[in-house]
Each structure stands twice: as C-alpha cells, then as structure tokens.
Amino acid sequence: MRLTVNRPRPLNLALFGFLAFAVLGCGSTAPSHVPNPVLFPVYAAGNAIHNARYNKRRAVVKAHVKKTFDLLIAEIQAGGGPNLELGYDLAAVPVPKRPALTAMLSQDPNLRRDIEAVTVSLMVHSD
C-alpha cells in the first residue's frame, strides 16, 4: 500500500493519541485505589511538594532531638517539659495527643538509647 502525498497518517496518530488520552480521563468516579491516570502528573507534583515539606520538618525535629537528647529523655520520664513541648511543636503533634503520647513514650525502653527512635516517634504522631 502506498501512502498519498497528503500523508494523513501523522494526523491520524495524533487524533488516536488524543482520543486514547480522553478515554483514560473518563474513568469512574467511584471509590477506587487506582487513581485517574490523567491526574498522575498532578499527583507527582503534589507528592514532591509534600515530601519536601516533610523532610524539612523532620530535619528540624532531628536536630532538636540530637541537641537536647538527654533532656528530652528526662522530660519524657517526668511527664513533660519545655524541650519536649518544643519537640512536639516542631513535629506538629496536635496538643490533645501530647499527654497520651508522653505516657506511651515513657514506657518505651528503646527511646533511651536512640535519637532516631525519638525522632520517628515524634514524626509518626504529627499531623
């Protein structure tokens, strides 16, 4: 088969690509764990921004924990204190969760030895 001079094939491929992309966008709006593929670039950008903010906040929390580790452990055992409250503020732990979290942290013997464990404990309970 010989193509004509007008060569409609590139136009057909572009049209087919557009239609395929449009059909992908017509997915169901029912609850699903599979997101709409058309929105993947938006999700990627959103996740990149979220991860950058989280990593920045985690670095600040880890620096605070590293600098005041012995004081934090003593305050956790005592039920609270200014350094622990600052750690909660830096990690963005909601105020209503703090008393229960302090009680839970005081029962964990692994926290007394590990800066990373304290950092993770604060970040896991943040908003």
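Is there a residue being open to solvent by less than 90 Å² (accessible area, probe 1.4 Å), at pLDDT 75 or above, small (Gly, Ala, Ser) and in a helix (DSSP H, G or I) anywhere in the stretch 17-30? There is no residue in the stretch 17-30 that is open to solvent by less than 90 Å² (accessible area, probe 1.4 Å), at pLDDT 75 or above, small (Gly, Ala, Ser) and in a helix (DSSP H, G or I). Taking (1) over 25 Å from Lys56 (Cβ atoms); (2) polar (S, T, N, Q); (3) open to solvent by less than 50 Å² (accessible area, probe 1.4 Å) in turn, Ser121 satisfies each apart from (1).
Residue by residue, here is whether (1) closer than 20 Å to Asn51 by Cα; (2) at pLDDT 95 or above; (3) not β-branched (Val, Ile, Thr) holds:
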| site | (1), (2), (3) |
| --- | --- |
| Gly80 | no, no, yes |
| Val95 | no, no, no |
| Arg98 | no, no, yes |
| Leu101 | no, no, yes |
| Gln107 | no, no, yes |
| Asn110 | no, no, yes |
| Asp114 | no, no, yes |
| Ser121 | yes, no, yes |
| Ser126 | yes, no, yes |
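Evaluating Glu75 against the criteria (1) exposed (fewer than 13 other Cβ atoms within 10 Å of the Cβ); (2) in contact with a Gly (Cβ under 7 Å, 6 or more places away or on another chain); (3) not β-branched (Val, Ile, Thr) leaves one unmet condition, (1). Restricting the stretch 78-100 to residues that are surrounded by fewer than 14 Cβ atoms within 10 Å (Cβ to Cβ) and part of a helix (DSSP H, G or I), the residue that is farthest from the chain's Cα centre (by Cα) is Ala78.
The values are calculated or read from the model by the stated rules, or taken from the named source; none is laboratory data. Remember, predicted model here, so these are calculated numbers, not experimental data. Here Cβ is always computed from backbone atoms with ideal geometry, including for glycine, and neighbour counts include all displayed protein chains. Ligands, DNA and RNA are stripped out before the accessible areas are found, and what is left, the full protein with its side chains, is counted by its heavy atoms. Shrake-Rupley method; radii C 1.70, N 1.55, O 1.52, S 1.80 Å.
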